[in-house]
1. Quick one: count up the residues across region 133-147 that are in contact with a His (Cβ under 6 Å, 6 or more places away or on another chain) and among the β-branched types (Val, Ile, Thr).
2. Condition check: modelled with pLDDT of 95 or more and surrounded by 15 or more Cβ atoms within 10 Å (Cβ to Cβ). Does LEU4 satisfy that?
3. Does region 79-90 include one or more residues that are out of contact with any Asp or Glu (no Cβ under 8 Å at 6 or more places or on another chain) and open to solvent by 70 Å² or more (accessible area, probe 1.4 Å)?
4. Within region 12-27, take every residue that is open to solvent by less than 60 Å² (accessible area, probe 1.4 Å) and over 12 Å from the mean Cα position of the chain (by Cα) and give me the one that is nearest to LEU85 (Cα to Cα).
Amino acid sequence: MIYLIDDSMIRTIKPQLSINIDVAKKVNPAIRDAQEFDLRPFLGDELYQDLQNNSGDYDSLMIETEYTHGGRTYVSPGIIATLSLFAYARIKSDANEHDTAFGTVNKLNPYSTGVSEATISRQVREIREQANIYLERVQAYLDRNENLFPLWKKSPCRKPKKTAYKIRSTR
């Protein structure tokens with residue numbers, strides 16, 4: 001799988017992402033899941049695969065793009081910003097969890113206090129709502145410019161998912 005974003009792109013959208021986070025263990029799996037479970041179902045397999053193989057052909061879809069439709073100017077946030085939000089929500093939802101030989105644990109130290117489960121759930125929900133708003137704007141861009149994206153298939157049932165994560169424990 002080709003990653004469409006990396007941790008530096010997520011930090012551009014959400015600068016609070018720690019620079020000390022383990023990219024291989026926390027960030028890359030979140031990016032992979034965001035691509036597979038948030039972006040791929042939205043774009044459809046054909047467009048997703050072509051985007052993976054020919055990302056240079058999709059610059060206007062990947063980055064923030066200002067465009068005109070029906071005499072009005074609109075802005076699409078792009079796939080990079082949208083995917084960054086989806087990945088950050090996934091990172092945030094399990095940031096305190098660490099899998100060990102003895103099960104999943106929360107790491108704490110004497111210089112920190114844990115954040116409540118409700119607070120983390122609220123933050124993740126807000127980030128996913130932002131990502132879904134971006135996704136709706138990307139969809140509008142694709143719908144209004146379908147001649148540029150022949151693999152995009154307009155569908156009335158293609159809607160951004162409004163799902164939430166359940167945080168089981170923060171202690």
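1. Number of matching residues: 0.
2. yes
3. no
4. LEU17
The values are calculated or read from the model by the stated rules, or taken from the named source; none is laboratory data. These figures come from a predicted structure and were not determined experimentally. Here the Cβ is made from the backbone with ideal geometry for all residues, glycine too, and neighbour counts use every protein chain on show. The area values use the complete protein model at the heavy-atom level, side chains included, leaving out ligands, DNA and RNA. Shrake-Rupley method; radii C 1.70, N 1.55, O 1.52, S 1.80 Å.
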